[in-house]
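The values are calculated or read from the model by the stated rules, or taken from the named source; none is laboratory data. Computed from a predicted model, the values in this text were never measured in an experiment. Using ideal geometry, Cβ is built from the backbone for each residue, glycine included, and neighbour counts are taken over all protein chains shown. In case anyone asks, the SASA skips ligands and DNA or RNA and just uses the protein heavy atoms, side chains included. Shrake-Rupley method; radii C 1.70, N 1.55, O 1.52, S 1.80 Å.
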Amino acid sequence: MRPRLTSSHLVGRVAELAELELALHEASARHPVLVLLGGESGVGKTRLVAEFEEHAEALVLRGSAVEQADGELPYAPLLSALRPLVRERHEVLSQLSRGSRAQIARLLPGLSGEDGSSGDQPDASSQLRLFEALLELLDLLSESTTVVLILEDVHWADRSTRAFVAFLARSLRQERVMLVLTYRSDELHRRHSLLPLLTELERLDRARRIQLSPFDRAELAEALDDILGEAPSDGLVERLYTRSEGNPLYTEELLAAGLDGRGATPQSLRDAFLLRIERLSPDAQRAVRPIAVGRALDEATIVHITGDDHESVLEALREAVAQQVLCTGDEDNQLCFRHALLREAVYDDLLPGERAELHLSLARAYEDQACRVDGIDAERTATIAHHYAAAGDQPNALRATVQAALAARDIHAYGETADLAERALELWPRVTDPAKTAELDHVELLELAALGQNIGGDRARAEVLLQSALSELSPDADPRRRSKLLAQLARMQWTLNRQRESIETAERALALLPAGEATGERASLLAWFARTQTLRGHFRDAVRDGREALEAAIAAGDRVSETELLNTLGMALVGLGEVEDGLDHLRSAIKLARENDDIDSEAVAWGNLADMLGGAGRTLEALTVAKEGLEATAGRSGRKRHWLSVTVSVHAFNAGDWEAARAHLGPVPARQLGTLLIFRQLDQAQLALGEGDEELAAQSLDQIEPLVAVSAEPQY
């Protein structure tokens with residue numbers, strides 16, 4: 001019988017396992033915990049997590065990030081963690097609000113009863129709406145049991161997954177949730193993309209860091225005793241400890257390589273891995289190579305790629321499993337390497353031509369599978385694009401990369417949208433007739449890249465891309481198209497605090513649209529004008545443009561713009577002294593937002609209604625409305641509910657109920673940014689002064705001074 005490669009029980013790690021169990025206990029007591037589990041490659045992070053998972057009295061959702069040399073897979077670890085809920089038709093999925101179900105169906109198309117189209121347009125808040133839907137899901141799950149969300153290998157995590165992790169870590173309050181992140185500490189070079197996130201997360205009170213160290217000599221000897229079935233000699237322990245420096249995986253591979261006496265002891269972990277691969281039969285070696293490229297493959301795909309008959313491939317795979325090279329993956333019908341380092345060693349050992357051929361075969365196989373099932377998700381689309389690019393097939397790489405960028409946009413993975421679209425821009429000049437291949441023109445691709453960069457956080461780059469797109473349009477180009485790009489540019493310039501330039505750009509966009517035309521484009525642009533004019537205190541202009549825009553929005557059936565305009569007109573009319581008319585508009589905005597299941601617009605309208613009542617001297621009525629709005633939106637995720645909670649605090653303070661004001665203010669959430677942070681800290685400063693805490697008031701004002709200094713809104 002072949003000896004085991006690993007010990008049958010967990011060796012050492014007593015303190016680390018106790019730390020995980022303590023974290024679980026805290027999470028179960030409604031004190032959410034974040035665990036950052038780091039360690040060098042092969043030190044045993046996965047083994048420790050598996051041991052913890054086996055004994056944890058909780059719902060464990062576990063997924064892994066995927067290494068991809070030329071681009072990430074959007075939300076890869078989240079997808080693998082959440083898929084079991086859909087496969088098992090978990091009852092909590094039916095308890096989600098309609099909007100949250102639609103958002104999550106974007107990620108998991110198999111979610112029963114949803115087509116994945118939530119109807120919202122890509123904007124700065126759309127990814128946040130997806131994140132809040134996921135938070136609602138975890139919250140509902142945690143009502144019946146503690147939830148442990150384990151995301152492994154986050155050193156490979158995509159930008160959108162990192163953004164979600166930051167959001168979740170800052171947003172958890174009293175949910176019974178434990179978030180565990182594992183990563184290879186030896187891969188975190190000075191400019192690694194994970195380092196800023198780790199630095200940010202470590203500052204949180206709920207975070208605890210566990211650094212997994214290699215075995216000491218005693219632990220190594222205990223592991224060898226279990227693997228060999230007898231006590232190892234002191235010489236063997238010393239040789240293996242000296243060579244492996246206590247790394248469990250390296251120790252196991254050294255032991256396996258030396259048992260049969262073939263050849264010299266390998267000098268590195270990679271050499272040890274390759275030595276074991278070389279001992280496989282030629283058929284088994286041929287069967288594992290496609291898996292090194294595809295990471296996890298089912299038997300049918302392996303048969304297709306190798307071209308061998310089914311029985312011989314099965315026999316070869318059985319051999320690889322018996323030799324502990326392969327194991328069953330997350331999906332029951334897939335095979336993967338026993339350890340990611342083993343896969344990396346086999347992949348790196350492939351000849352360049354052999355590697356390119358396997359990538360090309362996999363890209364074609366995945367596309368064929370997608371055609372047969374009549375559908376393709378964002379993860380598979382990105383995978384196809386990766387394989388075509390790695391194969392050097394530039395025309396197909398361009399086509400697939402554009403498709404992947406569009407798919408990433410549709411699931412609000414804007415960082416990946418930007419990366420993929422930028423990669424497509426690089427491929428564009430290398431392909432004959434690229435517009436036909438990509439099924440869009442260069443301006444559309446620039447616009448897509450700008451969208452991703454804008455929402456993904458690089459607005460300066462987004463502006464450059466939009467300006468390039470505008471410069472490529474001829475003077476006699478479709479005016480609607482030019483207007484659309486100018487409108488996007490105007491909004492971007494506003495966020496960059498260049499308000500005068502933004503207004504001029506928006507005016508150019510509006511001039512390109514026929515006057516009086518009842519279209520969604522004109523309604524949306526006029527709605528933006530009205531809102532910015534209200535924020536600047538230009539109430540008469542806001543009412544003029546707002547009424548025109550409202551007619552256009554109603555005629556175009558644009559209920560989103562209609563809600564926004566009712567909100568804007570309500571505030572502007574109150575500002576002009578037409579109080580009751582303004583309040584009626586705000587009440588209509590609440591009603592329409594509720595009909596549209598638009599939680600953010602509803603919360604904004606409630607807050608604005610309360611503020612307008614307060615401004616009219618109806619303080620107690622304002623407080624009642626603010627509380628009513630908070631209750632009406634309770635239990636539903638929405639970033640504007642945080643604004644509404646502060647609104648309750650403001651009006652409670654004005655009404656003399658300072659205890660309620662403090663209760664609704666709560667601690668400063670790290671996730672609050674921009675105007676929401678300004679609003680919250682101004683309220684805290686006012687309350688602190690009332691309570692006599694001048695130091696806290698000064699700290700609150702100091703924190704927001706840089707934001708207020710560049711704001712163009714008179715209210716601040």
| If the viscosity is 0.692 mPa s and the temperature 37 °C, what translational diffusion coefficient in µm²/s does Stokes-Einstein give for the range 513-603 when Rh comes from Kirkwood over Cα pairs? | 260
| task | Output the relative contact order of the chain, whole-number percent, from Cα pairs under 8 angstrom with separation of 6+ residues. | result | 10
| Once the piece of chain linking S281 and L676 is laid out straight, how much longer is it, given 0.36 nm per residue of separation minus the C-alpha distance between them? | 135.8 nm
| note | Against the 2.2 N^0.38 Å rule of thumb, the C-alpha Rg of the range 263-311 sits at a ratio of 1.34
| What whole-number value in cubic angstrom gives the convex hull volume per residue for the C-alpha atoms of the range 160-315? | 211
| Per-residue HN-Hα couplings for the range 184-192, Karplus 6.51 cos²θ - 1.76 cosθ + 1.60 at θ = phi - 60°, whole Hz, x for Gly and Pro? | 7, 5, 6, 9, 8, 5, 4, 10, 5
| query | Once phi is turned into θ = phi - 60°, what whole-Hz ³J(HN,Hα) does the Karplus curve with 6.51, -1.76 and 1.60 give for every residue of the range 516-531, x standing for Gly and Pro? | reply | x, 6, 9, 10, x, 4, 5, 4, 5, 5, 5, 5, 5, 4, 4, 5
| field | Sequence-distant residues sharing a close amide H with I210 (under 5 Å, placed H) | value | L36, L37, G38
| message | With an 8 Å Cα cut-off and a minimum separation of 6 or more residues, compute the relative contact order for the range 454-558 in percent. | response | 21
| query | Between E230 and R536, how many nm apart are label points set 7 Å from Cα along the C-beta direction? | reply | 8.8
| field | Efficiency of FRET between R98 and R217 - r from beta-carbon atoms, R0 41 angstrom, step 0.05 | value | 0.10
| note | For K591, the aspartates and glutamates lying under 16 Å Cα to Cα, once residues fewer than eight places off in the same chain are dropped, come out as D558, E562, E564, D581, D600, E602, E628, E631
| message | Counting heavy atoms of the protein chains only and a 1.4 Å probe, report the per residue accessible area for the range 584-654 as a whole number of Å². | response | 39
| E551 versus R508, label points 7 Å from Cα toward the beta carbon: distance in nm? | 2.9
| query | What is the Cα convex hull volume of the range 557-647 when expressed per residue in Å³? | reply | 79
| By how many nm would the segment from L440 to R480 grow when fully extended, if each residue of separation counts as 0.36 nm and the alpha-carbon distance is taken off? | 12.7 nm
| For the range 215-361, what's the relative contact order in percent, using C-alpha pairs closer than 8 Å and at least 6 residues apart? | 19
| Per-selection metrics, the range 372-516 (Cα): Rg and Dmax in Å | 16.4, 53
| What's the FRET efficiency of E694 with R191 using the Cβ-Cβ distance as r and R₀ = 51 Å, to the nearest 0.05? | 0.75
| said: Cut-off 11 Å, label point 7 angstrom out along Cα-to-Cβ of L576: give me the residues of the range 518-548 whose amide nitrogen falls inside. | reply: 539-548
| message | Given a 1.4 angstrom probe, I'd like the percentage of the accessible area of the chain that is carbon and sulfur, rounded to a whole number. | response | 49
| query | Across the range 618-627, in residue order, what do the Karplus-derived ³J(HN,Hα) couplings come to in whole Hz, using 6.51 cos²θ - 1.76 cosθ + 1.60 with θ = phi - 60° and x for Gly and Pro? | reply | 9, 4, 5, 5, 4, 5, 4, 5, 4, 5
| request: Give me the distance in nm between label points sitting 7 Å out from Cα along the Cα-to-Cβ direction at D309 and L620, one decimal. | output: 9.1
| field | Over the chain: helical MRE at 222 nm, DSSP H runs n ≥ 4 each giving -39500 (n - 2.57), nearest 500 | value | -20500 deg cm²/dmol
| For the chain, what is the convex hull (Cα atoms) projected area averaged across all directions, in square nanometres? | 34.5
| remark: The alpha-carbon center of the range 568-592 and that of the range 332-405 are separated, in whole Å, by 55
| query | Going through the range 397-453, which GluC sites (Glu not before Pro) have at most 16 other Cβ atoms within 10 Å and a DSSP loop state? | reply | E439
| Extended-chain gain in nm, criterion 0.36 nm per residue less alpha-carbon gap, A709 and A50 | 232.1 nm
